[in-house]
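Peer 1: Sharing a structure here in structure tokens format.
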Amino acid sequence: MTAVPISESPAWPAASDRAWRRLKANYFRNARDGMTTLFVVGLALYLLYLVIPWAILNATWFGAGRADCQQDGACWAFITNRFGQFIFGFYPSGQQWRVELAGGLFAIGLIALAIPGLPFKPTIGAFVLFVLPAVACFLLAGGALGLAPVGTEQWGGLMLTLTVATSVFGLSFVLGLILMLGRSCGMPVFKILSTLTIELCRGLPLVMVLFMAITMLPFFFPSGFDLNKLALTVFAMALFQSAFFAEVFRGGLQAIGKGQYEACTALGLGYWKTHYLVILPQVLRNTVPAIINNSISLIKDTTLIMVVGLFDLLNIVNAGTADPNWLGSTLEGYVFVGLVFWIICFCLSRCGESLERSLRTG
Amino acid sequence: MRSVLPPRRRFAWWGSQVATLAVVTALVGLSISNLVQNLDTRNLKLGFDFLNQQAGFEIGFSILPFSAKSTFWDVFVIGLANTLLVTVIGVAAATILGVSVGLARVSANRALSNAALIYVEVFRNLPLLMQILLWYNVVLRALPAPRQAYDFWDALFLSNRGLYFPWFSFNPVFSWSPWIAAILLLACLLAITGYVTSKSALAATVSGLGAIVIGGFVLAAIHPEAIDVSIPRLDGFDFSEGFVVRPELAALVVALSVYNGAFIAELVRGAIEAVGRGQKEAALALGLSRRLAFKLVVFPQCLRILVPPLINQHLNLLKASSLAIAVGYPDLVNVFVGTALNQTGRALEIVSLTMATYLAIGMVISAIGARVNASTRIVER
């Protein structure tokens with residue numbers, strides 16, 4: 001018998017041949033398939049042909065007004081010129097280091113949590129969850145320890161978007177856990193109250209809930225009681241989102257077998273210890289994908305604070321396009337906002353996937 | 001379970017609930033007393049009598065007749081109709097788009113599936129409000145002015161003031177009753193025959209509606225004077241006659257469909273992938289073509305998985321239609337909770353009426369979903 005080199009045997013085609021076959025199987029199985037491929041690729045090339053010259057080749061990056069920009073390209077000068085305002089809103093320029101410091105602290109905390117194998121992770125986690133928000137609140141609002149007070153009406157831009165997103169996430173996460181426990185604890189009073197809250201919030205549009213907080217809620221407070229608009233908005237959004245978190249957690253709870261409870265009872269654990277040590281860790285681990293999905297929609301929903309007149313990233317860019325000096329820069333503004341949100345959401349979903357993998361138990 | 005609790009736990013069981021109830025009651029009582037005081041100082045009183053007052057403002061777009069003489073109740077009804085209009089068109093368009101993209105996503109053709117993946121990843125991760133503003137302020141504003149409008153067959157016009165197309169109205173002078181009676185009778189007969197022969201409510205509905213449409217065409221052919229057709233024509237700076245879809249409505253519907261379509265595409269992909277591969281392979285082994293294997297074996301099973309989350313997505317679309325306020329489309333929240341509330345100051349009544357309406361529509365959609373879900377369920381012995 002003569003040895004046939006592997007690359008020449010019919011069952012094991014050469015590398016180039018294999019690539020060709022794969023190409024054929026994936027893109028040109030038959031005439032219709034081939035035409036579809038050509039159409040899709042042609043469309044993609046045409047879009048690139050439209051976008052690249054506009055966004056990069058003919059774009060103007062710096063300038064003091066729309067007049068400085070080329071006609072047939074993007075006017076990124078609108079973004080670079082007002083970048084500070086888009087990030088910090090109307091925060092006094094001498095005080096912006098406070099925002100940077102707060103953001104930096106969060107970034108350090110999150111990076112520390114993301115490093116695998118770092119010791120004291122639970123402590124760092126608790127610090128990021130409970131201590132940092134208070135520190136950040138104090139840094140941003142000021143008014144004590146020599147920090148000049150900065151009213152919430154001066155907050156804006158990306159800084160406001162992230163502040164609202166993190167505080168709504170923290171509040172609604174805890175509130176969602178409480179509502180979930182209330183709905184499933186078997187005590188009628190708690191069950192009715194939680195179910196009512198959850199179903200009410202889930203059935204209403206967020207715009208409606210925000211309007212309610214701004215127009216109707218003040219009627220229920222003593223007259224002359226000064227309600228901060230931002231605080232009202234954050235509270236209303238947190239209540240709204242907590243209903244969704246509660247339903248997510250309830251789904252995770254239902255996936256837990258009866259044996260877990262029975263084992264806890266046999267060990268002599270009470271209600272709180274059972275939930276804190278055994279049930280909730282499993283619920284949280286099972287619901288990571290849904291929690292991430294909820295967080296992504298929460299971040300996108302922060303743009304809705306536009307309807308109550310707060311200047312988050314989208315609204316401040318939108319308002320900037322009305323400046324006579326920059327008229328006609330709407331598309332550039334929205335592309336910038338879109339990129340920021342898209343990167344945040346995309347990173348979150350990727351982080352969620354890796355978290356899911358690392359939490360998976362054999 | 002209560003009876004087996006030890007005395008200490010029984011106390012906790014009752015005590016915590018009674019205490020919570022007491023706190024909640026106290027809070028509600030406090031809020032109500034504050035409310036009464038606030039209403040007193042502002043000289044307001046509760047009640048829905050304001051619904052009969054004249055509204056005295058104009059509404060930009062309405063599918064129902066409206067004038068400055070209409071009451072606040074009319075404002076409510078028109079807002080609701082506009083919300084439902086956006087929801088119905090949006091749900092239909094998002095479903096068609098989402099199912100097509102979802103099918104493209106599982107296609108064996110890599111170019112097609114990657115294009116679908118890019119669409120889903122791009123539009124799912126952008127805020128809906130931004131997308132609505134993008135369509136309204138950038139895409140639709142870039143269309144030419146009415147004088148330079150795109151003209152299709154001299155009947156359809158597209159400009160930055162909207163899309164105009166011919167519309168028909170019924171001539172009130174024409175004697176309608178015998179025709180309507182005849183067409184409805186025919187529709188009923190066909191629907192009953194359809195149900196009896198095929199035992200399917202869908203077939204009955206389709207044949208009934210088909211009879212009405214065909215009857216309408218026959219009538220129009222025999223008596224052209226019965227139906228007035230109005231064709232849009234340029235009149236000064238804008239078109240008149242015909243039916244116009246304003247950019248506000250178009251931007252809202254397009255953005256809602258594109259955004260929700262991306263989510264629906266993911267649902268469709270998940271549902272198709274959840275049907276075991278063996279099902280498709282068995283169908284192919286039985287000699288069914290790929291198309292038939294999908295239509296008869298895979299799709300019915302994937303429908304069962306798809307329906308509950310799909311209904312949820314449609315509920316989301318209904319709620320998201322309230323973003324109309326960003327572009328000034330007069331939906332329920334915009335005209336009623338926005339304009340009418342500003343005019344009357346009746347925050348409590350208006351907000352609670354609108355809340356109840358949204359909850360009721362949500363319940364109706366959920367009930368329809370439950371019916372559909374029940375009809376796709378496996379019938380076991």
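Peer 1: I'd like the per residue volume of the convex hull spanned by the Cα atoms of region B:226-297, given in cubic angstrom.
Peer 2: 171 Å³
Peer 1: Would you mind giving the mean number of other chain beta-carbons within 10 Å of the Cβ of each residue in B:109-122, as a whole number? Spell out each step's value before the answer.
Peer 2: Details: counts 11, 7, 13, 6, 2, 2, 7, 1, 0, 1, 0, 0, 4, 3.
Across the residues of B:109-122, the mean count of other-chain Cβ atoms within 10 Å is 4.
Peer 1: Roughly how many debye, to the nearest 20, is the charge dipole of chain A about its Cα centre, given +1 on each Lys and Arg Cβ, -1 on each Asp and Glu Cβ, and no other charges?
Peer 2: 1100 debye
Peer 1: Right, here's the next one. Which whole-Hz ³J(HN,Hα) couplings does region B:37-43 yield from phi under the Karplus relation 6.51 cos²θ - 1.76 cosθ + 1.60, θ = phi - 60°, glycine and proline marked x?
Peer 2: Karplus-based 3J(HN,Hα) across region B:37-43 equals 4, 4, 5, 4, 5, 8, 6 Hz.
Peer 1: Taking the Cα atoms of region B:1-111, what is the range of coordinates along each of the three principal axes, in descending order and whole Å?
Peer 2: 66, 61, 22
Peer 1: Need the list of aspartates and glutamates near B:LYS45 for cross-linking: C-alpha distance under 13 angstrom, and skip anything on the same chain fewer than eight residues off.
Peer 2: Here the aspartates and glutamates satisfying the reach criterion relative to B:LYS45 are B:GLU349.
Peer 1: For chain A, what does the helix formula give at 222 nm: sum of -39500 (n - 2.57) over DSSP H segments with n ≥ 4, over the residue count, nearest 500 deg cm²/dmol?
Peer 2: Details: 16 runs with 226 residues, N = 362.
About -20000 deg cm²/dmol.
Peer 1: Continuing with the same structure: Of the options A:ALA114, A:LEU48, A:LEU162, report the single residue whose Cα projects farthest towards the positive end of the charge dipole of chain A (beta-carbon charges: Lys, Arg +1; Asp, Glu -1).
Peer 2: A:ALA114
Peer 1: Would you mind putting A:273-285, A:330-342, B:315-327 in packing order, based on average other-beta-carbon counts within 10 Å, highest first?
Peer 2: B:315-327, A:330-342, A:273-285
Peer 1: Moving on to the next point. Let me know the volume per residue of the alpha-carbon convex hull for chain B, in Å³.
Peer 2: Looking at chain B, the number lands at 279 Å³ per residue.
Peer 1: Sticking with this one: Once amide H atoms are built 1.01 Å from N in the peptide plane, which residues 5 or more positions from B:ILE227, or in another chain, come under 5 Å H to H?
Peer 2: Placed amide hydrogens put B:ASN171 under 5 Å from B:ILE227.
Peer 1: Of the peptides A:169-175, A:52-58, how do they stack up when ordered by the mean number of other Cβ atoms within 10 Å, highest first?
Peer 2: A:169-175, A:52-58
Peer 1: Quick check: pseudo-label points 7 Å beyond the Cα along Cα→Cβ at A:PHE39 and B:ASP235, how many nm apart are they?
Peer 2: Between A:PHE39 and B:ASP235, the label points sit 4.0 nm apart.
Peer 1: What distance in nm separates the two pseudo spin-label positions at A:ALA64 and A:ALA25, each 7 Å out from Cα along the beta-carbon direction?
Peer 2: With each label placed 7 Å out from Cα toward Cβ, I get 6.4 nm.
Peer 1: If you don't mind, there's one more thing I want to ask. A:PHE28's amide H: which non-local residues (gap 5+, or another chain) put their own amide H closer than 5 Å, with H modeled 1.01 Å from N in plane and none for Pro or chain starts?
Peer 2: Here nothing satisfies the definition.
Peer 1: Give me the aspartates and glutamates in straight-line cross-link reach of A:LYS229: C-alpha distance below 13 Å, same-chain residues under 8 apart excluded.
Peer 2: Of all the aspartates and glutamates, those that pass the test against A:LYS229 - Cα under 13 Å, at least 8 places apart if same chain - are A:GLU153.
Peer 1: Rounded to the nearest 0.05, what FRET efficiency do A:LEU118 and A:TYR276 have when you use their Cβ-Cβ distance and R0 = 30 Å?
Peer 2: Calculated value: 0.80.
Peer 1: How many percent of Cα pairs in region A:214-265 exceed 18 Å?
Peer 2: Details: 751 of 1326 pairs.
I get 57 percent for the Cα pairs in region A:214-265 exceeding 18 Å.
Peer 1: Return a whole-number percent for the relative contact order of region B:167-230, with Cα pairs under 8 Å and 6 or more residues apart as the contact set. Intermediate results must be reported in sequence, preceding the final value.
Peer 2: Working: 56 pairs, mean separation 31.3, N = 64.
It comes to 49 percent, rounded to a whole number.
Peer 1: Right, something else. As a test of the formula, what do you get for chain B when each DSSP H run with n ≥ 4 contributes -39,500 (n - 2.57) and the sum is divided by the residue count, at 222 nm and rounded to the nearest 500 deg cm²/dmol?
Peer 2: Dividing the helical sum by the residues of chain B leaves -20500 deg cm²/dmol.
Peer 1: Name the residue from B:THR193, B:HIS223, B:ILE132 whose Cα lies farthest towards the positive end of the charge dipole of the protein assembly as shown, charges +1 on Cβ of Lys and Arg and -1 on Cβ of Asp and Glu.
Peer 2: Going by the charge dipole, the pick is B:THR193.
Peer 1: Binning every alpha carbon pair distance of region B:167-230 at 5 Å from zero, what are the percents per bin?
Peer 2: With a bin width of 5 Å, the distribution comes to 4, 19, 23, 20, 14, 10, 7, 3, 0.
Peer 1: How large is the Kirkwood hydrodynamic radius of the protein assembly as shown, in angstrom, based on all distinct alpha carbon pairs?
Peer 2: After inverting the mean inverse Cα-Cα distance, the result is 30.4 Å.
Peer 1: Could you sort out which of A:LYS191/A:LYS273; A:LYS300/B:LYS319; A:LYS191/B:LYS319 sit more than 22 Å apart by Cα distance in this structure?
Peer 2: A:LYS191/B:LYS319
Peer 1: Which peptide among B:54-63, B:249-258 comes first, and what is the full order, when sorted by highest mean count of other Cβ atoms within 10 Å? Numbers along the way, then the final one.
Peer 2: Details: B:54-63: 15.6, B:249-258: 23.9.
Descending packing order for the listed peptides: B:249-258, B:54-63.
Peer 1: Determine which lysines satisfy two conditions relative to B:LYS295: a Cα distance under 24 Å, and not lying fewer than 8 residues away in the same chain.
Peer 2: Of all the lysines, those that pass the test against B:LYS295 - Cα under 24 Å, at least 8 places apart if same chain - are B:LYS199, B:LYS280.
Peer 1: I want the local charge near A:ARG66. Using Cβ-Cβ distances under 14 Å, sum +1 for each Lys or Arg and -1 for each Asp or Glu among the other residues. Please list the in-between numbers first.
Peer 2: Details: positive: A:ARG82; negative: A:ASP68, A:ASP72, A:ASP323, A:GLU332.
Computed value for this residue: -3.
Peer 1: Across every pair of different alpha-carbon atoms, what Kirkwood hydrodynamic radius in Å does region A:229-345 reach?
Peer 2: After inverting the pairwise mean of 1/r, the radius is 17.5 Å.
Peer 1: Hey, another quick one. According to a simple spin-label model (label point 7 Å from Cα along Cα-to-Cβ), what is the distance in nm between B:LEU35 and A:LEU355?
Peer 2: Reported label-point gap for A:LEU355 and B:LEU35 is 3.9 nm.
Peer 1: Just subtract the alpha-carbon distance of A:ASP72 and A:GLU153 from 0.36 nm times their residue separation and send over the number in nm, one decimal.
Peer 2: Here the segment from A:ASP72 to A:GLU153 would lengthen by 25.4 nm.
Peer 1: Mind listing the phi-derived Karplus ³J(HN,Hα) values for region A:191-202, rounded to whole Hz, using 6.51, -1.76 and 1.60 with θ = phi - 60°, and x for any glycine or proline?
Peer 2: Using θ = phi - 60°, the values come out as 4, 5, 4, 5, 4, 4, 4, 4, 5, 4, 5, 6 Hz.
Peer 1: So if each residue of separation counts as 0.36 nm, and I subtract the Cα-Cα distance between A:ASP17 and A:ILE192, what length gain in nm does that give? Numbers along the way, then the final one.
Peer 2: Details: separation 175, 0.36 × 175 = 63.00 nm, distance 6.71 nm.
Taking 0.36 nm per residue and subtracting the Cα distance, the gain is 56.3 nm.
Peer 1: Bin width 20 Å, alpha-carbon pairs only: give the P(r) of chain A as whole percents, running from 0 to the bin holding the largest distance.
Peer 2: 21, 45, 27, 7, 0, 0
Peer 1: What's the magnitude of the charge dipole for the protein assembly as shown around its Cα centre, counting Lys and Arg as +1 and Asp and Glu as -1 at the beta-carbon? Answer in Debye, nearest 20.
Peer 2: 2880 debye
Laboratory data are not the source of any read-out in this text; all were calculated from the coordinates shown. Predicted model, so just to flag it, every value in this text is computed and none were measured. Note: ideal-geometry Cβ built from the backbone for every residue, glycine included; neighbour counts use all protein chains shown.
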